[in-house]
Each structure stands twice: as structure tokens, then as C-alpha cells.
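Data block below; observations after.
None of the figures in this text is laboratory data; all of them are computed from the coordinates on show. If you're wondering where the values come from, they're calculated on a predicted model, not measured in any experiment. For neighbour counting, all protein chains shown are included, and Cβ atoms are generated from backbone atoms with ideal geometry for every residue, glycine included.
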Amino acid sequence: MTTTVVAACLVAGVAIACTKAPAASSPAAAPETKLATAPVTAAHSEDVAGDPPVDTDRAAPEAPRPEEFVELEVPDQQPSVASFPPSAPFPQPVLISAHGAGDSTQEMCEVWRSLLGDRGIVLCPAGPRMRAHEEGRYYPDHHALERITFAAVRALAEKYPREADVKRIVYTGYSQGATMGALMIPEHGAECPRLVLVEGGFDDWTAARALTFKKAGGDRVLFACGRQACKTGADRSAAWLEAAGVEAKVVAKVGAGHTISVVDAALPEFEWLVAGDARWAPTPALPQPKPGSR
């Protein structure tokens, strides 16, 4: 009987110890998690965090406009120059200006910026330097001009996707840029359907080349000449182009010579060149305040 009583006591003791064990470990399980997971509403977020509410609907600040003239890095090529309009809204269409031998990209961009005013982006692809430490440049051949030109277009589109509309580019070239341009551009009529060839590219069109340009998407060519030899060749090339279904015009300041300044003669015809492309419409003038108004 004594053994039975002792065993009963032992069982009772174990039961009591087991019922008290959770109370001993209860401090670790005591904290509640409801307050930690309760959301903080915008109404009292200022009191909790000390910061004003964030307006998630507010638009991100607009990126600053590019400078009027910028250097554009082009993979595997010399840096190009790009010129942006001072205030016209983006995106803007693109005009390529290929330099002559010994000319600079900056000069070409400055010429066309002064002509275009507040519209269009001027892209001036750079050939290698003719001499080290001098800015005069050249294109080794028309294949090199092709690589350089379209590498520059890709770089412009990648760096300035908001600003540059690189569809249906106007291609212009002076001297070597025009002569070699006439050789390489016919197959790129879709990318560059309208051309301005200044004192170059006037003797390089044939019936076959004109037809290639037309089939690729080309539709207008403007020649600008400062010498009689240029005008004679341009008249002949214009006939080839028109026979292929491409509109063509020749403007000349015979006696002006072999100079980029004869591009001024082409300026009155620029509106003809870009007719039908609303992107080239001049930027509307801002309304002027009425006298006496503020």
C-alpha cells in the first residue's frame, strides 16, 4: 500500500509540474504582433514617420533640354555632333549633314542650325581627321560614310529617344559628303527618302541608281550648285531621277564657287523638300500679350 501511495504522489507531482511549465516560459510568448502589422494610414503617417504624405500621382520632373550643340559618342567611330532646337517641343525630325573633305562636324551643324532655326535635330557624322590634332575630317570612301552615318543615327536614337524621331531622315551632304552620299544612299531610301546635295553628287546618278532609290522609298532630291559644272551635271541627274519617279530640283548660284554657302540657294526650296511631313512644320510663334496686359 505504501508503494501505491508513493507512486500516486509521484504521478500527481509530475502532473502539477507539467501544468505550471507554460507559465514559466510565458514571458517569451507574451508580446502581441497586432500593432506591428497594423497598416499606417495616410491620415496619420505624418505623426508616425515625421514626413509629409507622398503624392504618388505627381508626374516625374521633365528631363532638362539638351544643349544646342552636343558631342555624341558613337561606338567604334569618331564622336559626332548633334544640334538641338532651342525651344521647339520634342520629338523633332532629324537632318543629317555630312561634311566635305577638310571640314568639321561643328561647322556643318552650325550652318544647318542657322538655316533651320527652331526646328529639327541636326546630326553631323564625323569621319577621321585628315591630320592629327587638326579638326579637318574626311570620309575614306562611301562604304565608310555609310557605316559612320548609320552608327551615328543609332547612337542618337539610343541617347535621345525622347527628343529624336529618326524615321524618314533628311540627308544632306556637302562636297565629299554629297558625292559619297549619292553613291551609298540609294539603298537607304526608306531611312532617308529626301536629300539635299550641295556642290557634290551631281555626276553620280544613273538610271539604275535612281530606280534603286525610288524602289527603296526615296521621293525627293534637291541639288544646290555654285559652279556651272555642278549645275550641268545636276540637271542631267535630275532628269534620271524624275524618269524613275523621284521629284528633283536644281538651284544654282553660278559664280559662287565650291562653297557650303551656296546652300543658302536651297533654303527657299526646303519647304518643297519636306512638304507633306508635318514634323517639319515651323514651330508656331507664341501669342504676344495685348498692349497694357500683364
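Can you give the Rg and Dmax of the stretch 69-276 based on its C-alpha atoms, in angstrom?
That works out to 15.7, 46 Å for Rg and Dmax.
Could you compute Rg(Cα) / (2.2 N^0.38 Å) for the stretch 86-194, with N its residue count?
Dividing the Cα Rg of the stretch 86-194 by 2.2 N^0.38 Å gives 1.02.
Which loop trypsin sites (Lys or Arg not before Pro) in the stretch 116-156, with loop taken from DSSP, have no more than 12 other Cβ atoms within 10 angstrom of their Cβ? Don't skip to the end; give the middle numbers.
Numbers: sites: Arg119, Arg129, Arg131, Arg137, Arg147, Arg154; in loops: Arg119, Arg131.
Sites meeting the loop and neighbour criteria: Arg131.
Can you return the aspartates and glutamates within cross-link range of Lys214? Criterion is Cα-Cα under 16 Å, with same-chain partners fewer than 8 residues away left out.
Of all the aspartates and glutamates, those that pass the test against Lys214 - Cα under 16 Å, at least 8 places apart if same chain - are Glu187, Glu191, Asp204, Glu242, Glu247.
How many angstrom lie between the C-alpha centres of the stretch 163-211 and the stretch 92-161?
Rounded to whole Å, the Cα centres lie 14 Å apart.
Can you compute the modelled spin-label distance between Ala63 and Asp118, with each label point 7 Å from Cα toward Cβ, in nm?
Result: 2.2 nm between the two label points.
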